[in-house]
Structures are given as structure tokens and as C-alpha cells.
Amino acid sequence: MSPTVSVIIPNYNYARTLRQCLRAVFDQTYPKIEVVVVDDGSTDDSPRIAAEFPCTLVRTANAGVSAARNTGVRHSTGEILFFLDSDIALAPEAVERAVRLIAADPRIGFVGGIYDKEPLIDDGAVERYKVLHGHFWRVRNAGEARVCNFSLGAMRRETFELAGPLDTSLRATEDVEYGARLAAMSTVLIDATILGRHDDDDRLRVLLGKQYRRSVPLVALFADRRRARPKLTDTAYRPRAVAGTGLVLAGLAGAAPWPVAGAVTAVVGAALFVVEERRLLRFLRASAGLRQFPVMAGLHLLMNAATGFAALLGAARWACSPTFRRLYANGGGA
């Protein structure tokens, strides 16, 4: 008998996309679905939109996405939990494919999908870059992984209960922490056939700020040798590309007092960046077109710069702050 799937949708002020998200869920080819929307203290029309659909609506004070997902699990009944963000519209067969993969192998603890390379709502070059990059790196990492994509992914209820709830003390990187925790006890997969169209950030300042805030705490996770950790190659921005970006910036900064040394440093950094990201750069050129390619490459360079700056600050905090070093010590606590 087919298991019931509980689609758990945390939401905070996503009235713009929630209706599209819910329509796509109720258009799934998989027949046995219940839907739980946890509204995390929205101040827009989200609760009214959710009430238009035959779903369970749980309204809470704002406590963050991890708390909302944990609440959704408590209010659900399905044997399989499918976590979905409210700014994503699933492809019609997404739930069915996730169930099929989970049912095929009891060792699989989590199956994550990927973002389609077309945005849910196209708001310009910044969003197109973010969606294309998000699609590319998840396809690149398809297969066994150590990162759980809780914006679009499924797991057995019994696996969630065994691994424990999401860490509500984390307002970012909760998916990376949980993936590392879960990978120590089961198989985590990223599957490129489970797709959803995502309405991503469309303003550069917001994009850079989110990347910075997400990257700083990851230093504490990667540096903690007492626990399971993701591989550096699982990350969206790869260490060698980040290092190459740093060399470019250092070379440009040093060009005035030391023109030759600055130029050499910048050229070496650019070469390292291009070699490391050659597949992504080809993908961006093919997908965005030649006219948009310089913008896409420039945005990617800026995102790597934000990641590198955040990593340096995170390393400094790791060296100076015992509290920061214990940031992920609560893994598994609600």
C-alpha cells in the first residue's frame, strides 16, 4: 500500500508565491498527500491564501524556519515527510519520484531535489544568476551527499524521529548541520529528477548579505572534528574559486604600490577562478546567453568574494570565541 506523504510548508510573508506553491502540490501525480502549512507569524495575506486550499494551517509566532518545520512534523500524520518552501512550485511528478527512491532502498535517509533552471517569477539578472547557479551546483553534486535540501526534499518519519528535530537555535545553515548529522547514520541523496521552480532573491544587496550570514557560521561546522561534517566540495561556492577571487582582489588592491606583483597576483587568481569554475561558466554562458554572461560572471565573482570575507571572519571568531566554537553543539535539540 502506498504511504501517505505529508507535505510540510513553512511560510513567512510569501503571499506572492504561496498560491503557486500550493497549486503545484495539489497537482501532484502522487495520490496520497496531506498538506500542512505552518505560517510563521506572517504579516501579509499568506494565511488567507493558505485557507483557500484543503490543507492544515498552523499559525505560530515568528520563531524561524527550523521551528516551523518541526511544528509541521508534529501536526502531520504521513509516513513520509516532504519538506517544501513556500517560494517553490514543484514539478508534477516530484513527490512520486521521491517516494519511489525512498521505498527502493531502506538505507536512504533523505532525498533532496534541485531547483529548475527557470525561476518561478523572473525578476531580472540577479535572480537569474542565483537560480542558474543553484541549479548547476545541485546537479553537480547529484548522488550521495552530506547536505539536506530542506527547501525541497523528503524523508521517512521514522528517520526524522531517529535523527531528531531541526536545531531551532540556527537561523541559517540548519540544512547543512542536519545533513551532516543524518549522513552519519544513513544515505543522503540529491536527485536531479525531483524538480521545483524557485522564486529566488532578486536584489544584489540581499543576495550578498544572505551569503555572508550563511558562510560565517559554517566555519564552526567545518572546523568541528568531533562530529560528522559535510565535504567542502558539497558547498555552493568552492574553496579554490573563493581563494582565486581573494587573489584577484588582493592583486587589484596592491596594484598601485606594487604594479608588477599586483598584476601577477590578480592574473594567477583569475586563472585559478576560471579553471575551477570552467564548467559553471560554460553553463552560465549557454543558459543566459553571451550578452548576459559578463553580468553572470561578475555576480559569481562577487558571491565568492562575500564567501571568502565571511570565511575569514568566521575563522577569526573560531579562534577567539568558545561560544562560536560550540555553535553546532545543540544538533538534534528542538
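The values are calculated or read from the model by the stated rules, or taken from the named source; none is laboratory data. Please read these numbers as outputs of a predicted model, since none were measured by experiment. Heads up, the Cβs are rebuilt from the backbone with ideal geometry, glycines too, and the neighbour counts pull from every protein chain shown.
Observations on the structure shown:
- Filter result for Leu313 (among the aliphatic types (A, V, I, L, M) and assigned to a helix (DSSP H, G or I)): yes
- Of all residues in region 249-294, those being outside any helix (DSSP H, G or I) and without any contact (Cβ under 8 Å) to a residue 40 or more places away in the chain number 9.
- Screening the candidates Glu96, Glu127 for the property of being modelled with pLDDT of 95 or more, outside any loop (DSSP other than H, G, I, E, B) and over 18 Å from the mean Cα position of the chain (by Cα) yields one hit, Glu96.
- When Val260, Val275 are checked against the criterion of being among the β-branched types (Val, Ile, Thr), surrounded by fewer than 19 Cβ atoms within 10 Å (Cβ to Cβ) and within 18 Å of Trp137 (Cβ to Cβ), a single residue qualifies: Val275.
- Selection within region 278-291 - buried (at least 16 other Cβ atoms within 10 Å of the Cβ) and not small (Gly, Ala, Ser): Leu280, Leu281, Phe283, Leu284
- Which numbered condition Leu327 misses (of (1) without any contact (Cβ under 8 Å) to a residue 24 or more places away in the chain; (2) buried (at least 19 other Cβ atoms within 10 Å of the Cβ); (3) under 30 Å from Ala163 (Cα atoms); (4) not polar (S, T, N, Q)): (1)
- Test: residue in region 47-60 that is of a type in the set (A, V, I, L, M, F, W, C), in a helix (DSSP H, G or I), at pLDDT 95 or above and over 28 Å from Ala236 (Cα atoms): yes
- Of the criteria (1) more than 19 Å from the chain's Cα centre (by Cα); (2) in a loop (DSSP other than H, G, I, E, B), which one Cys148 fails: (1)
Let's see how each residue does on (1) farther than 29 Å from Pro31 by Cβ; (2) among the aromatic types (Phe, Trp, Tyr); (3) touching a helix residue (DSSP H, G or I) at 6+ places or on another chain (Cβ under 9 Å):
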| residue | (1), (2), (3) |
| --- | --- |
| Leu101 | no, no, no |
| Ala104 | no, no, no |
| Val131 | yes, no, no |
| Ala142 | no, no, no |
| Arg146 | yes, no, yes |
| Arg156 | no, no, yes |
| Gly179 | yes, no, yes |
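- Selection of region 155-191 for residues being of a type in the set (D, E, K, R) and either touching a Cys at 6+ places or on another chain (Cβ under 8 Å) or in a loop (DSSP other than H, G, I, E, B) (or both) yields Asp167, Arg171, Asp175.
- Scanning region 32-46 turns up one or more residues that are more than 21 Å from Ile102 (Cβ to Cβ), modelled with pLDDT of 95 or more, in contact with a helix residue (DSSP H, G or I) (Cβ under 6 Å, 6 or more places away or on another chain) and among the hydroxyl-bearing types (Ser, Thr, Tyr).
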